[in-house]
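Input: a single structure, listed below in structure tokens.
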Amino acid sequence: MTSKTKVTGIAAAALVFAAAGLTGCGSEDDGVVTIKMLQYKPEAVDAFQELETRFNESHEDIRLEIDSPNDAMKILKTQLVREDYPDIIAIGGDINYSNFLDAELLMDISDFEGLSDVKEAYLKMDKELEYVPMDGVYALPYMANAAGVLYNRDIFEEHGWTIPTTWDEFISLCGQIESEGIQPLYFGYKDVWTCLAPWNAMAVDLAPSDVCYQVNAGNTTFSENYREVAQKQKQLLDYAQDDPFAYSYNDACTAFARGESAMYVIGSYAVPQIQSVNPDINIDSFVFPASNNPEDNILNSGNDLQFSIMNRCENKEAAYEVLRFFMEDENIQYYIDDQNAVPCKKGDFELAPMLDSMKPYIEEGKLADYQDHHYPAEMSVDAMIQTYLMDDSEDALDTFMERFDKQWVRYNRDIIRKVQEYTEEHSGNE
């Protein structure tokens, strides 16, 4: 998720643990199999507790135990050290998932029948998180979120403004809003991670979804693919409040909630924070139109929650039964309602009203993952973007692009070598 919460990579530790040959969990007592799940979303603890209760009330031969620690990745690493790890992990589709795959800690669930019910776009996102192409499927995408432009529906209706479908229309709208004495955009760039929200929302239109893999393979550079993204994100500052770097994420959410701006470029995950300030605010959201071709518009949506079974789980069928339970429409709708989430499963689900204008993209599967799901945390891309946005020098863009390429090589050297070795080995098979 571009999510506000970030977790550190675990590749090195995971590789050690995988090599150690850990024993599986999924204990059995008096004919009852216990399946242990660790989930990483602290904001969804109550929802998982309710689903755990529902499962246990409807199953006599399987008991589900869900752990919801505040720092799930740190706890999981500790459990790996102790050779005491869960059967199922519920995590996001980001670089942590890539590291688990690389360490061969996850089970191939290709034979799980529920995969056929998942939208192809979300399955594709997980395949693009593989450092090198792998046979098999290692996660069941469950819930996604969506990022674009939140807007105050009441203010838009009062002024007769329409949703833009091209970059020029968006910039024109910002100018029109400003001319009518209203702040077009509000940013909380004091919290550096928020710099990734516009970046991700525009990059899905302007850069290939597999650009990180292509860079690792030596086929292109970020300078060739991200220049327009960077230029346009800096242009947004013309329509932001004064000194957006002095305001935090909470400040931005509060300002938008109070009607101090007409729009807010952020993900759907910000809505609960906004509503905590103004429960009555009438919010909708639209796909960020970063291109001047409406057909190029793509919804920035990623696997916010997905289930993977650990490779050494001894009760695969019991774990599959847990996944079947979570995939039941009633349980999916419950989670959607509780978390304002976007289901990865095909079907006619009722979505939160702040996703109304995004529904056609969700229903059609016209989606692409957050680019930052491929970035190593150590690279601190969010801070790099913030530094660039604050740089008023003439060569700011060139400096930023050059730094991006250099830092990528610095923090991905081993992965780049792995990808290029794979490419060389398989070049004759293409």
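What follows draws every value from the coordinates through simple rules; no lab data is involved. Since this is a predicted model, take the numbers as computed values, not measurements. Note: ideal-geometry Cβ built from the backbone for every residue, glycine included; neighbour counts use all protein chains shown.
Going out from 0 in 10 Å bins, what whole percent of all Cα-Cα distances in region 162-301 drops into each bin?
11, 39, 35, 11, 2, 0
Over the chain, what relative contact order in percent results from Cα pairs under 8 Å that are six or more residues apart? Show your work: numbers first, answer last.
Working: 744 pairs, mean separation 109.5, N = 430.
Once divided by the residue count of the chain, the mean separation gives 25 percent.
Express in whole angstrom the spacing between the alpha-carbon centres of region 89-123 and region 223-254.
When both Cα centres are located, 33 Å separates them.
Using modelled amide H (1.01 Å from N, peptide plane; none on Pro or chain starts), what sits under 5 Å from the amide H of ILE283, excluding residues fewer than 5 places away?
ARG153
State the extension gain, in nm to one decimal, for the chain segment bounded by ASN311 and ASP398, taking 0.36 nm per residue of separation less the distance between their alpha-carbons. Provide the component values of the computation, followed by the final result.
Numbers: separation 87, 0.36 × 87 = 31.32 nm, distance 4.46 nm.
So the extension gain works out to 26.9 nm.
Relative to the compact-globule scaling 2.2 N^0.38 Å, provide the ratio for the alpha-carbon radius of gyration of the chain. Provide the component values of the computation, followed by the final result.
Numbers: Rg = 21.9 Å, N = 430, 2.2 N^0.38 = 22.0 Å.
In units of the globular-protein estimate, the chain measures up at 1.00.
Suppose only helical runs count, i.e. DSSP H with n ≥ 4. What mean residue ellipticity at 222 nm does that imply for the chain under -39500 (n - 2.57) per run, divided by all residues and rounded to the nearest 500 deg cm²/dmol? Could you put the intermediate results ahead of the total?
Numbers: 18 runs with 185 residues, N = 430.
That calculation yields -12500 deg cm²/dmol at 222 nm.
Could you work out the relative contact order of region 91-184? I mean the mean sequence separation of Cα pairs under 8 Å and 6+ apart, divided by the number of residues, in percent. Let's see the in-between values first.
Values: 45 pairs, mean separation 22.2, N = 94.
Relative contact order for region 91-184 comes out at 24 percent.
How far, in degrees from 0 to 90, does helix 167-179 lean away from the longest principal axis of the Cα atoms of the chain, to the nearest 10?
Long axis of 167-179 versus the principal axis of the chain: about 60 degrees.
Using only Cα atoms, find the angle between the long axis of helix 329-339 and the longest principal axis of the chain, and express it within 0 to 90 degrees, rounded to the nearest 10.
50 degrees
Among residues other than THR166 whose Cβ falls under 13 Å from its Cβ, what is the net charge (Lys/Arg +1, Asp/Glu -1)?
Details: positive: LYS232; negative: ASP168, GLU169, ASP205, GLU295, ASP296.
Around THR166, the surrounding residues sum to -4.
With angles folded into 0 to 90 degrees, how steeply does helix 381-390 sit against the dominant principal axis of the chain? Use alpha carbons for both and round to 10.
On a 0 to 90 degree scale, this one is about 10.
I need to check one value: relative contact order of region 176-257, counting alpha carbon pairs closer than 8 Å and at least 6 residues apart, in percent.
Details: 75 pairs, mean separation 43.9, N = 82.
Result for region 176-257 is 53 percent.
List the lysines whose alpha-carbon lies under 25 Å from that of LYS119, not counting same-chain residues fewer than 8 positions away?
LYS4, LYS41, LYS127, LYS316, LYS345, LYS346, LYS359, LYS366
With the cut-off at 19 Å, report for region 299-430 the share of all Cα pairs above it, as a whole percent. Write out the running numbers ahead of the final one.
Values: 6076 of 8646 pairs.
Of the Cα pairs, 70 percent sit more than 19 Å apart.
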